[in-house]
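> Have a look at the structure that comes next, please.
The values are calculated or read from the model by the stated rules, or taken from the named source; none is laboratory data. As the structure is a computational prediction, the values presented were derived from the model and not from experiment. Here the Cβ positions follow ideal geometry from the backbone for every residue, glycine too, while neighbour counts run over all protein chains shown. Ligands, DNA and RNA are excluded from the accessible area calculation, which covers all protein heavy atoms including side chains. Shrake-Rupley method; radii C 1.70, N 1.55, O 1.52, S 1.80 Å.
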Amino acid sequence: MISFSNVNYSIGGKQILKNVSFTVPNGESRIIMGHSGSGKSTILRLILGLICPDSGSIMVDNLDICGAREKEKREIRKRIGMVFQDGALFDSLTVGENVGFYLFEHTKMKIDEIEKKVREMLGFVGLSDEIIDRLPEELSGGMQRRVAIGRALLSTDPKIMLYDEPTTGLDPTATTNVIALINRLAEVKHVTSIVVTHQIADAFEMADKFIIIDSGEVAFDGNLTELRQSREPRVVEFLEPFRETIANVRKIDFI
Ligand SMILES: Nc1ncnc2c1ncn2[C@@H]1O[C@H](COP(=O)(O)OP(=O)(O)O)[C@@H](O)[C@H]1O
Ligand SMILES: [Mg+2]
């Protein structure tokens, strides 16, 4: 479970988050939408305990992440998979070395065992294991994003997955594939997921519960039906360009 309770956060006197409260129960997914600069990535950094709020509390898996000791924080972070916008792969390492990186670095597992796990993981994220010896630069953007998701999964066996703008910069086919993978992960592994995006059209295919952040405040927290019915002016303004998209939403299945 992830829970924010009246969280305020500021940098250099500028208030970035204002009284933010929301709860994501175990196994559920939330999409956090909002214009660029509204505070979405800041929410992810708070969940990871990289920064702490000025006031309010943040509970991650029953632990007050900012009150926790370093050791406890590390334990929690081990259970959180994080996928960044650019994929953030090590560009001088092969696909196999990227996906198996944590196992190589932090376990005594034999190379053959790691390779077996890496090949299975590539299959899980919908990639052929023939790419295991390729370098990231030889892959398309969509494939790199899937490798990054595979690496996050093998690093942590996560209970929580955080995705920051996972479909930004991808073509429509790659976008569909990455969304399908995120949905599959939520369904098969029952992870608690938070997906941050400003790409509204993609958002509706990834979950059925949404949070809209507007200038650091929660402008909306609810399901698709409630979103369609909302008359809250900030929500109406934010969704205006997407009225037709919202009317025709369907969730994408893994293919
Ligand atoms: N380290 C920082 N120093 C100063 N301002 C920051 C810093 N990090 C974020 N901000 C500001 O906080 C606001 C929210 O940023 P962010 O959470 O990255 O937004 P989003 O992810 O929604 O685009 C923005 O106005 C940004 O300029
Ligand atoms: Mg951001």
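> Only four residue types carry charge here, +1 at the Cβ of Lys and Arg and -1 at the Cβ of Asp and Glu. Report the dipole size of the stretch 65-104 about the Cα centre in Debye, rounded to the nearest 20. Working shown, then result.
Working: 7 positive and 6 negative charges, 77 e Å.
For this selection, approximately 360 debye.
> Also, I was wondering about something else. Could you check the simple spin-label distance between K209 and I131, using points 7 Å along Cα→Cβ, in nm with one decimal?
Reported label-point gap for K209 and I131 is 3.2 nm.
> A further question follows. Keeping all protein chains in place and using 1.4 angstrom, which order do S155, S215, S5 fall into by accessible surface area, from largest down?
Details: S155 30, S215 70, S5 50 Å².
Correct descending sequence by accessible area is S215, S5, S155.
> Quick one: if you stick a label point 7 Å off each Cα along the C-beta vector at E187 and R74, how many nm between them?
3.8 nm
> Also, quick follow-up: What's the carbon and sulfur percent of the chain's accessible surface, probe 1.4 angstrom, rounded to a whole number?
On the way: 5820 of 12310 Å².
Of the solvent-accessible surface of the chain, carbon and sulfur hold 47 percent.
> What is the local net charge at V125, summed over the other residues whose Cβ is closer than 15 Å to its Cβ (Lys, Arg +1; Asp, Glu -1)?
Numbers: positive: K117, R119, R134, R145, R146, R151, R184, K189; negative: E120, D129, E130, D157, E187.
So the surrounding residues net to +3.
> If you roll a 1.4 Å probe over the heavy atoms of the protein chains, what accessible area per residue do you get for the chain, in Å²? Walk me through the numbers on the way to the answer.
Details: 12310 Å² over 255 residues.
Value returned for the chain: 48 Å² of accessible area per residue.
> Count the net charge of all other residues whose Cβ sits under 13 Å from the Cβ of R69, scoring Lys and Arg as +1 and Asp and Glu as -1. Mind dumping the intermediate values first?
Values: positive: K71, K73, R74, R77; negative: D64, E70, E72, E75.
Neighbour charge sum, excluding R69 itself: 0.
> Give me the accessible area of H106, 1.4 Å probe, in Å² rounded to the nearest 10.
The accessible area of H106 comes to roughly 120 Å².
> Further question on the same structure: With Cβ to Cβ distances under 14 Å as the rule, what net charge do the other residues near F101 carry (K, R +1; D, E -1)?
Numbers: positive: K117, R151; negative: D91, E97, E105, E115.
Surrounding charge for F101 is -2.
> Among the helices of the chain (complete DSSP H runs), which have Cα atoms covering no less than 20 Å along the helix axis and a Kyte-Doolittle mean of at least -1.0? Kindly include the intermediate steps, with their values, before the conclusion.
Values: long enough: 141-156 (23 Å, 0.13); 172-189 (25 Å, 0.43).
Going by DSSP H runs, the hits are 141-156, 172-189.
> Work out the length of the dipole vector of the stretch 24-146 about its Cα centre, built from +1 on the beta-carbon of each Lys and Arg and -1 on the beta-carbon of each Asp and Glu, and round it to the nearest 20 debye.
Charge dipole of the stretch 24-146: 460 debye, to the nearest 20.
> Something else now. Return the calculated 222 nm mean residue ellipticity for the chain, to the nearest 500 deg cm²/dmol, obtained by summing -39500 (n - 2.57) across DSSP H runs with n ≥ 4 and dividing by the residue count.
Working: 11 runs with 98 residues, N = 255.
Here the helix-only value at 222 nm equals -11000 deg cm²/dmol.
> Could you order the peptides 10-17, 134-141, 158-165, 77-84 from most to least packed, using the average number of other C-beta atoms within 10 Å per residue?
Values: 10-17: 12.5, 134-141: 14.6, 158-165: 22.4, 77-84: 19.9.
My ranking of the peptides, most packed first, is 158-165, 77-84, 134-141, 10-17.
> Still on this structure, please answer the following. Tell me, what is the FRET efficiency for E237 and M1 to the nearest 0.05, using R0 = 41 angstrom and their Cβ-Cβ distance as r?
Efficiency at R0 = 41 Å is approximately 0.85.
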